[in-house]
Amino acid sequence: MKSKHRSITVILVFTSLLVLSAVPAFAMHITEGILPVQWAVLWFAVSAPFLFLGLRELSLRRQQNAQLMPMIGLVGAAVFIISCMPIPVPAAGTCSHPCGTGIAAIFIGPLLTVVVSSVALLLQALFLAHGGLSTLGANLASMGVAGAFAGYGIFILVKRLTGSWWIAAFLCGLLSDWATYSVTSLQLASALHGTAPFGKFFLTVLLAFVPTQVPLGILEGFLCVGAYRFILTRRPELLKIFTV
């Protein structure tokens, strides 16, 4: 119990330091003002049903399990911290960064990951100048929805086909990250290609992410393996309680 309290304290202190030490920074995610209004509204409409379903699942599951909220708090803090590591990509009008939504999805499920991602993105937009309020729907669609469902789907599929949790966890982290940036590229290309061919513009944006996102995706794969192994060896009962 003391160890659990220490872990929670460390996470809260680290998160507080990140917030309190905020300085003018490169904007992460899709920055404020990048998307025209109609596209920003469209991505809010795409994200909203997933957020609604996630909040409904949260309401149902917390009635069944009193330990759920502390777990969600820890996972949410992890997503917030992991996705607060920006690497500027000027050619794409945004930044690369690990996401953490793959890890979150295999612990609490993809819908609840949408919920914690929305909170993390909102806090980053308000206090760290990462992303923006008008682009919150688009960022949630790419990181919270696409990242969570892609990672969770590949984890379940690979684990059932191979029986190997570490291959499943690695691919979860890797493909969750890459799915996020594929959708981000789609969002930027759809809104900004103008008279240029959409396909060519999409590939240009996607390739702009490659130098940073290929290694970051691999890194996130190993991070996902490490997190899953830690829980599996230290608190395996949590996987039975919380994993959907």
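If you average 1/r across every pair of different Cα atoms in segment 26-242 and take the reciprocal, what Kirkwood value do you get, in Å?
Values: mean 1/r = 0.0580 Å⁻¹.
Mean inverse Cα-Cα distance, inverted, gives 17.2 Å.
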Original post:
Given H placed on each backbone N at 1.01 Å, which residues far from Ser96 in sequence or on other chains put an amide H within less than 5 Å of it?
Top reply: Ile87, Val89
Subject >> Overall Cα dimensions of segment 156-244, principal axis frame, Å, largest first >> reply: 55, 24, 21
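Could you order Leu35, Leu186 so the one with the most accessible surface comes first? Probe is 1.4 Å. The partial results should precede the final answer.
On the way: Leu35 15, Leu186 65 Å².
Highest to lowest solvent-accessible surface, that is Leu186, Leu35.
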Original post:
Using a probe of 1.4 angstrom, how much of the accessible area of segment 180-244 is carbon and sulfur, in percent?
Top reply: 73 percent
**OP:** May I ask you to derive the FRET efficiency for Met71 and Thr233 from their Cβ-Cβ distance with R0 = 30 Å, giving the value to the nearest 0.05?
**Re:** 0.95
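The values are calculated or read from the model by the stated rules, or taken from the named source; none is laboratory data. This one's a predicted model, so the numbers in the text were calculated from it and none came from an experiment. Heads up, the Cβs are rebuilt from the backbone with ideal geometry, glycines too, and the neighbour counts pull from every protein chain shown. SASA here: full protein model, heavy atoms, side chains in, ligands and nucleic acids out. Shrake-Rupley method; radii C 1.70, N 1.55, O 1.52, S 1.80 Å.
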